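The values are calculated or read from the model by the stated rules, or taken from the named source; none is laboratory data. Quick caveat, the model's predicted, so the values are computed rather than measured. No Cβ is skipped: glycine too gets one built from the backbone with ideal geometry, and neighbour counts run over all protein chains shown.
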Amino acid sequence: MNLFTASDILQFAIRIEEDGEQFYRRAASFTDKAEINHLFNELADEEIRHKKVFTDMLEKITDIRPPETYPGEFMDYLRDYIDGKVVFSTDLKTMADDIKDSVSALKFAMGRELESIAYYHEVKSFVPQKHYSQVDAIIMEERRHFAKLAEVLKNQKQKDAK
């Protein structure tokens, strides 16, 4: 039994990208290191582009929605599910607890990128095959995000060791 439809999965992806953009903007404010600040803002901009890809895909998919007790109930449920369970969390307390400095911000972001990659691999099985190449492109970008974060982390650790 599939609990979610293809459009639900794309709504999840859109929310992940929204939350990712917010995370990177906030993470940029946690660091006084110009290179890291620039990277986080760059990644936030890329999350906006990813959201557009998924929004465009969503516009081409039609699914039947379950009955609602009020307009928007199902989408409210999906948003709450995403915010509490998947990849990026908009919970500032969690982020503040996990991020103490630039190095922990980079590590936190790397973990979220890996979670995004795993999620998008799963997404492919729920979207029409004609969209596979778009999802693959997002996966490749998420991998590039991870690689950029890893490189900056390596550089930062080397600077801190000096």
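The residue that is modelled with the highest pLDDT, among those in segment 16-65 that are surrounded by 15 or more Cβ atoms within 10 Å (Cβ to Cβ) and outside any helix (DSSP H, G or I), is Lys33. Of all residues in segment 38-50, those that are on the phi < 0 side of the Ramachandran plot have Cβ atoms under 9 Å from Cβ atoms of residues that are of a type in the set (Val, Ile, Thr) and part of a helix (DSSP H, G or I), 6 or more apart or on another chain, in Leu39/Val152; Glu47/Ile16; His50/Ile14; His50/Ile16; His50/Ile138. When residues of segment 127-145 are filtered for being surrounded by fewer than 18 Cβ atoms within 10 Å (Cβ to Cβ), in a helix (DSSP H, G or I) and in contact (Cβ under 8 Å) with a residue 24 or more places away in the chain, how many remain? Residues flagged as surrounded by fewer than 18 Cβ atoms within 10 Å (Cβ to Cβ), in a helix (DSSP H, G or I) and in contact (Cβ under 8 Å) with a residue 24 or more places away in the chain within segment 127-145 amount to 3.
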